[in-house]
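The values are calculated or read from the model by the stated rules, or taken from the named source; none is laboratory data. Being a predicted model, the structure only gives us computed values, none of them experimental. FYI the Cβ positions are ideal-geometry reconstructions off the backbone, even for glycines, and counts take in every protein chain you see. All accessible areas refer to the heavy atoms of the entire protein, side chains included, with ligands and DNA or RNA removed. Shrake-Rupley method; radii C 1.70, N 1.55, O 1.52, S 1.80 Å.
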Amino acid sequence: MFVALTRRQVTSAALAAVPLGAMAAEPAEAGTRRPRTLYIAGDSTAAQKYADAAPETGWGMALPFFLHEDRPVANHAVNGRSSKSFVDEGRLDAVLAAIRPGDFLLIQFGHNDEKNTDPTRYTEPWTTYQEYLRMYVDGARAKGARPVLATPVERRSFDAEGTARPTHGEYPAAMRALAESERVALLDVQAWSLALWQELGAEATKTYFNWTPTEQDNTHFNPPGAIAVARLVAEELLRTRVLEPCDVVRLHDEIPTSWITWPARLSAPLP
């Protein structure tokens, strides 16, 4: 059973509150709608997982359940990547080579940008983090696609009083500031996931994360957690008018966890 956040029900009033200036012009569509792909650039919290990692599940695996079939998802998120390493490894170039005018590029990084002992991944929130994120924004726009920034989903962390704690430091604030200055749609996944973990509580959230008594993983999701976060992402795509109501499906339905599948790897895992 999923937990519905009633204050997050998407209404016409909420949609009307979004500044029109923050919206990119939509390409004209005559007759039938053409598919417009939503590309994901991100880390392990969003990434496709395979049979050898089950039941670990990235929220990008569940996002298609909430989108119309002509809004397909191309999930390029990869475990362990930061906004910097994703670029340095040529992964952004690969996305930009495939993306088409009218498509979307959803950008979620932060978990690995925080690793200040690793120079291959670390970025500083108010300088290099914003500089790398701007590469995604500029690259998408140069291709006629729409960039969308998403603050990093929160980890499971509670204090002794049972209050859910933010764990991403200045990174969400830095992304919010960049979104405002660059006039990019922002999905505030960090804020809404933190609220959801608080509503669920310290014990119930264990059933949303890849958490066992022997492996206390408070970062990665199992199927219920991935579905819950994908729902938040879909709600935010609708609230910010990146997508229209006709683009979103099953937003308030219970999604069976059996819909999540983990394909076998066709090759060795990427480093």
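Per residue, how many Å² of accessible area does segment 115-271 show with a 1.4 Å probe?
Working: 7270 Å² over 157 residues.
Spelled out: the 1.4 Å probe surface of segment 115-271, per residue, equals 46 Å².
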- Message: If you average 1/r across every pair of different Cα atoms in segment 152-200 and take the reciprocal, what Kirkwood value do you get, in Å?
- Response: 11.6 Å
- For A77, residues with placed amide H under 5 Å, excluding near neighbours: I40, G42, Q48
- Mind listing the long-range amide H neighbours of F209? Cut-off is under 5 Å, sequence gap 5 or more, other chains count too, H placed in the peptide plane at 1.01 Å from N. N222
- Query: Over segment 196-271, with a single point scatterer placed on each C-alpha, what log10 of the ratio I(q)/I(0) does the Debye formula yield at q = 0.17 1/Å?
  - Reply: -0.85
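Please report the carbon-and-sulfur percent of the accessible area for the chain; probe 1.4 Å, protein heavy atoms only, DNA, RNA and ligands left out. Don't skip to the end; give the middle numbers.
Working: 6740 of 12070 Å².
Its accessible area is 56 percent carbon and sulfur atoms.
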- Note on the structure: What the 10 Å binned alpha carbon P(r) of the chain shows, as percent of pairs per bin from 0, is 7, 31, 39, 21, 3, 0
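For T117, T207, T37, give me the order by solvent-accessible area with a 1.4 Å probe, most accessible first, ignoring ligands, DNA and RNA. If you can, show how the numbers build up before the last one.
Details: T117 125, T207 85, T37 25 Å².
Putting T117, T207, T37 in descending order of accessible area: T117, T207, T37.
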- Extension gain, D70 back to T128 (0.36 nm per residue minus Cα-Cα distance, nm): 17.3 nm
- Rank these residues by their accessible area, most exposed first, probe 1.4 Å: H68, H220. H68, H220
- For K143, which lysines qualify as cross-link partners when the Cα separation must be under 25 Å and same-chain residues fewer than eight apart are set aside? K84
- Message: Using the basic label-point model (7 angstrom from Cα toward the beta carbon), what is the R176 to A54 distance in nanometres?
- Response: 3.9 nm
- Item | CD proxy at 222 nm, helix term only [per DSSP H run n ≥ 4: -39500 (n - 2.57); per residue of the chain; nearest 500] | -8000 deg cm²/dmol
- Mean accessible surface per residue for segment 39-97, computed with a 1.4 Å probe while every protein chain stays in place, in Å²: 32 Å²
- With a cut-off of at most 12 other beta carbons within 10 Å, and DSSP calling the residue loop, which GluC sites (Glu not before Pro) in segment 120-177 qualify? Please list them. E161
- Note on the structure: Unit-weight point scatterers at every alpha-carbon of segment 62-138, Debye formula, q = 0.14 1/Å: log10 I(q)/I(0) is -0.50
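Placing unit charges on C-beta atoms (Lys and Arg positive, Asp and Glu negative, everything else neutral), compute the dipole magnitude of segment 123-271 about its Cα centre in debye, rounded to 20.
Values: 15 positive and 20 negative charges, 101 e Å.
Rounded to the nearest 20 debye, it is 480 debye.
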- Query: Gain in length, T120 to L266, computed as 0.36 nm per residue apart minus the alpha-carbon separation, to one decimal in nm?
  - Reply: 49.8 nm
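So in the chain, what percent of DSSP beta bridges are antiparallel if you round to the nearest 5? List each step's numbers first, then the result.
Numbers: 5 of 20 bridges.
Restricted to the chain, the bridges split so that about 25 percent are antiparallel.
So which trypsin sites (Lys or Arg not before Pro) in segment 157-214 pass both tests, a DSSP loop state and at most 15 other Cβ atoms within 10 Å of the Cβ?
Numbers: sites: R176, R183, K206; in loops: R183.
For trypsin sites (Lys or Arg not before Pro) across segment 157-214 that sit outside H, G, I, E and B with at most 15 neighbouring Cβ atoms in 10 Å, the list reads R183.
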- Identify, among N116, V248, Q130, the residue whose Cα sits farthest towards the positive end of the charge dipole of the chain, taking +1 on the Cβ of Lys and Arg and -1 on the Cβ of Asp and Glu, with the dipole about the Cα centre. V248
